[in-house]
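The values are calculated or read from the model by the stated rules, or taken from the named source; none is laboratory data. Keep in mind the model is a prediction, meaning the values are calculated, not measured. Here the Cβ is made from the backbone with ideal geometry for all residues, glycine too, and neighbour counts use every protein chain on show.
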Amino acid sequence: MKATKLLLIFALLFSISINAQTSLKTKSLSEGTIENQFDYLIKKSGRYQEYKVVKRFWLDNLKKSVIDSLKTMRKELVVTKGVLVEKQSQIDKLTTTLDTTNKSVTSLNNEKDNINFFGKLISKSLYNTILWSIIAGLLAALALYVMRFSRSNTITKESKDRFVELEREYESHKHRSLEREQVLRRKLQDELNKLKKE
């Protein structure tokens, strides 16, 4: 009876130990990270002198888990490479667009800072200098023209005044000459009449 009790207790303990090991093994070797699975394998493996003894079933499960993890990582790596290639393509497109935009901005700034003058782009300051030089030249020419016109107008007025004065003098002279001539004709006629009478 004692032996059966002892055997029964031993069988019960053995089944609990096996049940705990399988539930712990299944839980730890099929779940968690690979590092946790290796730690579990090393912890639960037996010792023989300085070596560890590992159950073949555990190694097969660990191998399967590592292979599955590697397959998953390879798939993720392929997806990541695809995403990386797509992102690099987008970066290249954006870089091209940025270069084009920068060239457009540079061209617009150049056009904004310069003015098309007779088919050539010149800076606004040079354009302003040329424009104000032309305006100053035209104003100087206008001032010279106004001065000359004024001088000519003054000379013309003086000439007209002199002409009017000369014309008056001429009329006056003509009138006196006519009077003298008339006086002389009368005298001549008087003399002729005297001569005829004599």
Checklist outcome for this item: Quick count over the stretch 60-75, residues being surrounded by 11 or more Cβ atoms within 10 Å (Cβ to Cβ) and without any contact (Cβ under 8 Å) to a residue 12 or more places away in the chain, is 5
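Listed here are the residues, each with its yes/no results for (1) under 30 Å from SER107 (Cα atoms); (2) part of a helix (DSSP H, G or I); (3) of a type in the set (D, E, K, R).
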| site | (1), (2), (3) |
| --- | --- |
| ILE122 | yes, no, no |
| TYR127 | yes, yes, no |
| LEU131 | yes, yes, no |
| ALA136 | no, yes, no |
| LEU139 | no, yes, no |
| ARG148 | no, yes, yes |
| SER152 | no, yes, no |
| ILE155 | no, yes, no |
| GLU165 | no, yes, yes |
Next on the checklist: Here is a list: ASN102, ASN116, ASN109. Which entry is at pLDDT 90 or above and either polar (S, T, N, Q) or loosely packed, with under 11 Cβ neighbours inside 10 Å (or both)?
Outcome noted: ASN102
Next on the checklist: If I ask for residues that are outside any helix (DSSP H, G or I) and either among the acidic types (Asp, Glu) or under 23 Å from GLU35 (Cα atoms) (or both), which ones from the stretch 49-89 would you list?
Outcome noted: GLU50, TYR51, LYS52, VAL53, VAL54, LYS55
